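First up is the structure itself, then whatever we jot down about it.
The values are calculated or read from the model by the stated rules, or taken from the named source; none is laboratory data. Since the model is a prediction, treat every value here as computed from it, not as a measurement. Virtual Cβ from ideal backbone geometry, glycine too; neighbours counted across all protein chains shown.
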Amino acid sequence: MELLRVAFVPGVTPDKWKRVWRERNPQIRLELLPIDEAEQRAVLDRGEADLTLGRLPVELERPTPLHRVVLYDELPVVVVGREHFVAAAGDHDEIDLDDLRDEQLILPHPSGWTPSAAQLAFPPMSAKDAVEVAASGSGVVILPMSLARLHHRKDATYRVVRGLEPTQVALLWQRDADSPVHQDFVGVVRGRRASSSR
């Protein structure tokens with residue numbers, strides 16, 4: 001294998017791992033492929049990527065079994081317009097989930113949590129578009145912190161939400177495609193030294 005293709009979802013920044021990979025494996029080119037979160041499993045199934053840096057949950061057994069290595073957790077944050085009451089909280093303050101019970105939720109949350117207020121039917125949209133809608137004051141969106149930072153706007157802000165589980169970022173690849181090259185990349189993202197054993 002002279003090329004290793006690694007797909008990654010928005011908010012995940014693989015640049016530090018790319019530098020380490022180049023130093024350890026100069027003979028194997030690393031190609032980074034930005035993808036939408038909805039494609040994180042499909043690019044592996046179609047053979048368009050060798051590994052994916054994605055967000056859980058992901059179907060791990062079908063159509064083919066995947067390996068999964070959890071790398072880190074991302075805090076959930078609520079993104080609001082600058083005029084929203086949440087914006088009055090300090091930058092390091094957390095917002096209780098219960099404080100959002102009367103809000104309009106722009107995107108469904110993966111946990112299934114929904115405010116108790118009757119909800120408007122927002123059309124499907126990207127995280128970036130949802131942040132724009134939140135900035136307008138039409139509702140709130142709960143995202144992993146990395147996505148809130150990626151789509152930051154001057155007319156919006158965010159605060160950590162207390163009461164929701166963090167999102168997990170994981171490295172995924174097909175079990176039947178496992179190889180020493182895959183394992184070398186796992187070692188890079190897990191911070192193993194080049195000389196350490198698996």
Original post:
What single numbered condition from (1) within 24 Å of residue 129 (Cα to Cα); (2) in the same structural domain as residue 110 (by TED's automatic domain parsing) fails to hold for residue 8?
Top reply: (2)
Subject >> Listing of strands (runs of 3 or more DSSP E) fully contained in segment 83-198 that carry 1 or more residues being under 22 Å from residue 40 (Cα atoms) >> reply: 141-144, 167-174
Subject >> Test result for residue 136, hydroxyl-bearing (Ser, Thr, Tyr), out of contact with any helix residue (DSSP H, G or I) (no Cβ under 6 Å at 6 or more places or on another chain) and not assigned by TED's automatic domain parsing to the domain that holds residue 56 >> reply: yes
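Per-residue answers, yes or no, for (1) exposed (fewer than 15 other Cβ atoms within 10 Å of the Cβ); (2) at pLDDT 95 or above; (3) basic (Lys, Arg); (4) over 15 Å from the mean Cα position of the chain (by Cα):
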{"site": "75", "(1), (2), (3), (4)": "no, yes, no, no"}
{"site": "93", "(1), (2), (3), (4)": "yes, no, no, yes"}
{"site": "102", "(1), (2), (3), (4)": "yes, yes, no, yes"}
{"site": "145", "(1), (2), (3), (4)": "no, yes, no, no"}
{"site": "148", "(1), (2), (3), (4)": "no, yes, no, no"}
**OP:** Please find, among 177, 118, the residue that is within 24 Å of residue 56 (Cβ to Cβ) and among the small types (Gly, Ala, Ser).
**Re:** 177
**OP:** Please identify the pairs in which a residue from segment 9-37 that is over 14 Å from residue 187 (Cβ atoms) has its Cβ atom under 7 Å from the Cβ atom of a residue that is surrounded by fewer than 13 Cβ atoms within 10 Å (Cβ to Cβ), counting only partners at least 6 apart or on another chain.
**Re:** 29/2; 29/3; 31/3
Subject >> Whichever residue in segment 37-59 is more than 16 Å from the chain's Cα centre (by Cα) and acidic (Asp, Glu) and, among such residues, is nearest to residue 177 (Cα to Cα) >> reply: 50
**OP:** Please specify each residue of segment 27-52 satisfying the condition of being of a type in the set (Val, Ile, Thr) and in a strand (DSSP E or B).
**Re:** 52
**OP:** Answer with yes or no whether residue 21 is among the hydrophobic types (A, V, I, L, M, F, W, C), crowded, with 17+ Cβ neighbours inside 10 Å and over 30 Å from residue 131 (Cβ atoms).
**Re:** yes
